[in-house]
Amino acid sequence: MHLPRQRTGLRYSLRPPPYHLLLYLLLLLACQPAQPAPEGDGIYYWRTTFELDTTAQRQLVERGISNVYLRLFDLDRRGGTTAPRGALDLPDSLPRVGELTFTPVVFITERVFRREEAPEKLAGRLAGAIDRFVAPHPALRNFQTIQIDYDWTPGTRDRYFRFLETLRTHLPGKEIVVTIRLHQYRERKNNGTPPADRGVLMAYNVAPAHDPKTRNAIYDRSLVAGYLSADAYPLPLDGALPLFRWSSAFRAGRFIGLTANTSAFSEDYATPIGDGRWHEIQRDTAVGRRYLRPGDLLRQDGILRAEELKAAEKLLRKRANVRQIVYFDWQPDTEDRWPVLGQ
């Protein structure tokens, strides 16, 4: 430990300070709050049944994942009533590897705040539904953070923001985190800034899949970089990146739908075009549940290589100053991509 220098005129003295000053400094240091340990990255769990066993959880921990963002249910409006739907089916005893934290997430459909006339009452009902859902599960009931996933617009902004303000009063001491789309990040005058503690910047699904001119519907680095040219966001941010992939299928220039997650094609039925993201079908075949004919084109959408994912992470950390990365989402067939997480 280096003792502080005392300045005397224009010269410095190395004499130790008086005993009472040393005691004061020690007491001051002892009273400082402990700094939280740096948090690792996270992953979304968006399925309706819980299949993330302890083996898979340990694999995530080994790769730097410390948070599982668990979608509890959707909040949807049908027949004039807003209620939870599509709830996650959890086992009676939710298994958890000790290093993992489960964070509840509620997804709200876009139409809720187009029609909801009593957002304050809805906030109270949602808080009660969350409490009832997590109560049987020790791994969830003491949650410190709740994430609300809603894609608001200038027309739904005021009702949604009132909902968030009221939700805070029903969940005292909890951190309220909201999702922020790229257009909301850049276009703040009309979209406003939600009354939350933190945001998650959703850096995927950036372009229309049905447009043959789209380079990559899920993640296009140049498009994302353009959105991130805005000034620093008023809320502290995490960032969300995609693990999922799909292929957009076209016939004679017309979009005919999405196929299964295809990261590689057999050369006996598809020929790569250009940089290899596009493929031309050479013979009748089925990809997933879609039947394809010779001449059909498939565009692979998503982040296909580990170096692309690392570059995307770097872009978010540098341009948007995000704290952690949350990957969307855990699926059994994404295991081949896990080794790049958290490295």
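The values are calculated or read from the model by the stated rules, or taken from the named source; none is laboratory data. From a predicted model like this one, the values you see are computed outputs, not experimental measurements. Reconstructed Cβ throughout: ideal geometry from the backbone, glycine too, with neighbour counts over all protein chains shown. For the accessible areas, the whole protein counts, side chains as well, though only heavy atoms, and no ligand, DNA or RNA atoms are used. Shrake-Rupley method; radii C 1.70, N 1.55, O 1.52, S 1.80 Å.
Observations on the structure shown:
- Put simply, when 153-166, 48-61 are sorted by average Cβ atoms within 10 angstrom per residue, most first, you get 153-166, 48-61.
- Mean-position separation - Cα centroids, the stretch 214-229 and the stretch 311-333, in angstrom: 14 Å
- Carbon/sulfur fraction of accessible area - the stretch 156-195, other protein chains in place, 1.4 Å, %: 46 percent
- Ordering PRO172, ASN190, TYR204 by Cα displacement along the dipole of the stretch 151-206 toward the positive end leaves ASN190 in first place; charges were set at the Cβ atoms of Lys, Arg (+1) and Asp, Glu (-1).
- Solvent-accessible surface of the stretch 148-296, taken per residue with a 1.4 Å probe and all protein chains present: 46 Å².
- Whichever lysines have a C-alpha closer than 21 Å to that of LYS174, once near sequence neighbours (fewer than 8 apart) are set aside: LYS121
- Annotation: peptides 221-230, 179-188, ranked by per-residue average of other Cβ atoms within 10 Å with the highest first, follow the order 179-188, 221-230.
- A simple packing score, the average count of other Cβ atoms within 10 Å per residue, orders the peptides 88-100, 311-323 as 311-323, 88-100, with the highest score first.
- Charge tally for TRP246 (other residues, Cβ to Cβ under 12 Å; Lys, Arg +1; Asp, Glu -1): +2.
- The residues packed around ILE108, meaning those with a beta-carbon under 10 Å from its beta-carbon, carry a net charge of -4 if Lys and Arg are +1 and Asp and Glu are -1.
- Under 5 Å from the amide H of GLU175 lie the amide H atoms of THR145, ILE146, each residue being 5 or more positions distant or on a separate chain, with H modelled from the backbone and absent for Pro and chain starts.
- Candidate cross-link partners of LYS189 among the aspartates and glutamates, defined by an alpha-carbon separation under 14 Å and a same-chain spacing of 8 or more, comprise ASP158, ASP231.
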